[in-house]
Amino acid sequence: MITSSRRPTYAEVDLVAVRENVARLHSLARSANAQVRLGAVVKADAYGHGAERVSAAAALGGADVFFVATLDEAIALRTHLVQLPIVLLGEPDPSLLGETIRHRITPTIHTTKTLTSMIEEVEALSRRDRAQYQPTLQLEVETGLHRLGSEAGEVLIMAKAAQAAGIGVTGIYSHLARADEGEPGEESVLAQVMRLQEVYQGVVGLLEVPPLLHLANTAGLVNYPQTGFDLIRLGIGMYGYGVSEVAVRPVLRLVSRVTRLHQLEQASGVSYGHRRWHPAGTSIATIPIGYADGFRRGLFDAGGQVLIRGTRHPLAGVVAMDHLMVAVTDPAVEVGDEVVLIGAQGSEFIGADELATRLSTISYEILTGISDRVPRRYRG
């Protein structure tokens with residue numbers, strides 16, 4: 001992640017908004033279950049916002065478990081979250097289990113073969129190291145997403161074997177497939193809840209310490225409060241999207257500046273391919289951000305706009321790798337003016353979900369697609 005830049009393009013991340021979003025969503029979750037805990041999903045570098053700083057802010061807001069997708073993400077986060085649990089939402093390669101244990105990362109284990117490898121790593125530890133690392137794992141149940149997870153019988157076998165080997169089973173979980181679809185997804189959600197609860201009851205009967213049961217993501221929390229169980233895995237809601245019932249704030253603004261402003265002397269196309277013709281006298285502003293930064297090329301055909309001086313201005317031509325051009329409709333615009341591509345300016349707002357709708361995708365893809373060459377600047 002680049003932390004400084006010699007060009008005027010950056011992503012501004014509001015850490016106060018992170019803390020407030022987490023606290024508000026935790027309050028919503030507690031209205032259904034006063035004891036529910038909150039886990040922060042900070043994979044993909046906290047959805048492009050910066051995992052180190054976002055995790056610290058989320059912890060201040062009430063999150064006390066952190067979820068990532070890869071072992072590299074987990075180890076990087078461990079240097080900043082020294083004590084709090086970090087859960088790997090996936091099974092590491094067996095050759096990496098020793099490293100996983102030494103960094104006190106809780107892996108998800110999907111197969112008895114991988115569990116056997118983990119048991120062997122634990123048995124090779126000295127008594128002192130076992131006490132220091134306190135190896136733990138979580139088990140994912142296949143309930144309908146059909147991506148990862150283990151079948152019910154295998155989950156029971158692995159839970160019993162892990163306990164016998166002195167490995168703590170700290171969580172049993174699954175992923176909702178259709179929680180954000182409203183009524184069309186309800187039957188699917190309820191079927192997943194039933195499957196997970198059945199397996200969990202079997203596991204609880206085998207273990208001395210009941211593990212956390214978790215299923216709900218942001219959509220589950222909002223649309224199906226009964227899926228909250230022991231812990232909510234808060235993802236997109238923490239970043240200010242996917243929730244209309246609670247006043248969360250988008251955390252990220254994508255910002256640049258006007259670096260060139262000129263008028264067309266005669267009618268002409270703009271940018272590669274001259275895909276759109278503009279009349280003579282049109283003011284064209286050049287902005288140093290492009291698809292290599294994560295501002296997608298398809299936004300030209302999709303009617304993309306940017307904010308300058310609190311007013312929307314349309315893209316004038318296709319987005320290039322490092323620049324885009326807009327047709328300026330306000331004669332007061334000057335070189336050096338702030339340009340907002342995601343976020344608020346004045347009374348106007350362009351959200352990641354607006355860009356996602358234009359591109360027939362989801363806000364997750366827009367946010368995680370902001371590239372590493374765009375520096376993140378933090379406030380709060």
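The values are calculated or read from the model by the stated rules, or taken from the named source; none is laboratory data. The structure displayed is predicted, hence computed values, not measured ones. FYI the Cβ positions are ideal-geometry reconstructions off the backbone, even for glycines, and counts take in every protein chain you see. These accessible areas exclude ligands, DNA and RNA; they are computed on the full protein's heavy atoms, side chains included. Shrake-Rupley method; radii C 1.70, N 1.55, O 1.52, S 1.80 Å.
Exactly one of these conditions fails for residue 171: (1) part of a loop (DSSP other than H, G, I, E, B); (2) out of contact with any Asp or Glu (no Cβ under 7 Å at 6 or more places or on another chain). Give me its number.
That leaves (1) as the condition not met.
Step by step: first the residues of segment 330-380, then only those that are over 12 Å from residue 253 (Cβ atoms) and β-branched (Val, Ile, Thr), then the one that is surrounded by the fewest Cβ atoms within 10 Å (Cβ to Cβ). Which residue is that?
Here the residue is 335.
Give the number of residues within segment 65-96 that are assigned to a loop (DSSP other than H, G, I, E, B), open to solvent by 60 Å² or more (accessible area, probe 1.4 Å) and without any contact (Cβ under 8 Å) to a residue 24 or more places away in the chain.
4
Tell me which residues, restricted to segment 97-131, are surrounded by 14 or more Cβ atoms within 10 Å (Cβ to Cβ) and part of a loop (DSSP other than H, G, I, E, B).
Result: 103, 104, 105, 110, 125.
When residues of segment 204-229 are filtered for being surrounded by fewer than 23 Cβ atoms within 10 Å (Cβ to Cβ) and assigned to a helix (DSSP H, G or I), how many remain?
Counting residues in segment 204-229 that are surrounded by fewer than 23 Cβ atoms within 10 Å (Cβ to Cβ) and assigned to a helix (DSSP H, G or I) gives 6.
Being buried (at least 22 other Cβ atoms within 10 Å of the Cβ) and farther than 28 Å from residue 187 by Cα narrows it down to one of 271, 283, 256, so name that one.
Answer to the check: 256.
Name the residues in segment 32-46 that are open to solvent by less than 50 Å² (accessible area, probe 1.4 Å) and under 15 Å from residue 219 (Cα atoms), would you?
38, 39, 40, 41
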